[in-house]
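Please treat every number below as a calculation from the coordinates, not as lab data. For clarity, every value in this text was computed on a predicted model and none was experimentally measured. When we count neighbours, we look across all protein chains shown, and the Cβ atoms used for this are built from the backbone with ideal geometry, even at glycine.
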Amino acid sequence: MSLIPEEHKEHLKMELNDKLEKPVKLVMFSQEIECQFCSQTRELITEMATLSDKINAEVYDFLADAEKAKEYGVDKVPAIIILGEKDYGVRYYGLPFGYELQTLIESIINVSRGRTDIPEEVKQRLKEIKTPVHIQVFVTLTCPYCPRVASIAHKFAIESDFVKADVIDAGEFPHIGLKYNVMGVPKTIINEKIEFVGLLPEDLFLEHILLATI
């Protein structure tokens, strides 16, 4: 059974074909056991690849292809890496479904373009970042505010070579949620030292990033 409803597929095809500029590769890491949503995630990205000739999907086994997983910095599954002309550091851990399907679609489009709609003044301030930044955004599939925060994190990664952004489904990785005391979503952790809960506009999100680099 298709994960993307048939009534939405045609609209999604039109949107992708209208907005995609350069090829995008969806690289997924999966495993056969002890991964509740790996098969559904694999099915979803395979479906996404059928919607546009600019989208390709590759699936690797997390254990059998351990060197490849290490190359991409993947340490849990299911994992999706969205690659464009380069690896922008855009990652999604979990099944991007429900509200989070929009996160996947937006990130595919932005990676394809290699640019985002972040305000120009924010882009300029992003250039101040000269040290590595690791953003982790914890989400759930039923959270209406999560896609916005997840999208901003991915946009920052696209705009800055120093930023990497992981979006993590808290429901699929409860042990990680426990580690970071995720009691509500969206929750954002930056460089293991700065955190906030809820939706912030790009400029305030950036202020937290800059604090994390001090």
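Using a simple charge model, +1 on the beta-carbon of Lys and Arg, -1 on the beta-carbon of Asp and Glu, nothing else, what dipole does segment 61-214 show about its Cα centre, in debye to the nearest 20? Intermediate values should be presented prior to the final figure.
Details: 17 positive and 23 negative charges, 31 e Å.
Using Cβ point charges on Lys, Arg, Asp and Glu, segment 61-214 gives about 140 debye.
Arrange 188, 131 by Cβ neighbour counts within 10 Å, fewest through most, would you?
Final ranking by Cβ density, sparse to dense: 131, 188.
Express the relative contact order of segment 83-199 as a whole percentage, based on alpha carbon pairs under 8 Å and six or more residues apart in sequence.
33 percent.
Rounded to whole Hz and in sequence order, give me ³J(HN,Hα) for segment 8-24 from the Karplus expression 6.51 cos²θ - 1.76 cosθ + 1.60, θ = phi - 60°, writing x for Gly and Pro.
Values, residue by residue: 9, 4, 5, 5, 5, 4, 5, 5, 5, 5, 7, 9, 6, 10, 10, x, 10 Hz.
Mind checking the dipole of segment 1-122: about its Cα centre, +1 per Lys or Arg Cβ, -1 per Asp or Glu Cβ, Debye to the nearest 20?
200 debye
Taking neighbour Cβ counts within 10 Å as the exposure measure, how do 72, 60, 88, 145 sort from fewest upward?
145, 72, 60, 88
For segment 1-85, build the charge dipole from Cβ charges (+1 Lys, Arg; -1 Asp, Glu) around the Cα centre, then report which of 39, 72, 5 sits farthest towards its positive end.
72
Helix-only mean residue ellipticity at 222 nm, the chain, DSSP H runs n ≥ 4 weighted -39,500 (n - 2.57), per residue, nearest 500. What is it?
Details: 8 runs with 86 residues, N = 214.
The per-residue figure over the chain is -12000 deg cm²/dmol.
Could you work out the mean projected area of the convex hull around the alpha carbons of segment 6-212, in square nanometres to one decimal? Present the calculation step by step, with values, prior to reporting the outcome.
Details: hull surface 44.3 nm².
Answer in nm², one decimal: 11.1.
Kindly state, to the nearest 0.05, the FRET efficiency for residue 9 paired with residue 36, given R0 = 30 Å and r defined as their beta-carbon distance.
With a Förster radius of 30 Å, E is 0.75.
At a 10 Å Cβ-Cβ cut-off, how would you order 138, 97, 62, fewest neighbours first?
Ascending number of Cβ neighbours within 10 Å: 97, 62, 138.
When we measure straight from the Cα of residue 187, which aspartates and glutamates land under 19 angstrom away, once same-chain ones fewer than 8 places off are left out?
100, 166, 169, 172, 195, 202, 203, 207
For the pairs 13/164; 9/54; 70/193; 70/164; 22/76, flag any whose C-alpha to C-alpha distance is greater than 18 Å.
Check vs 18 Å cut-off fails for 13/164; 70/193; 22/76.
For the chain, calculate the relative contact order in percent as a whole number, restricting contacts to Cα pairs under 8 Å that are 6 or more residues apart.
18 percent
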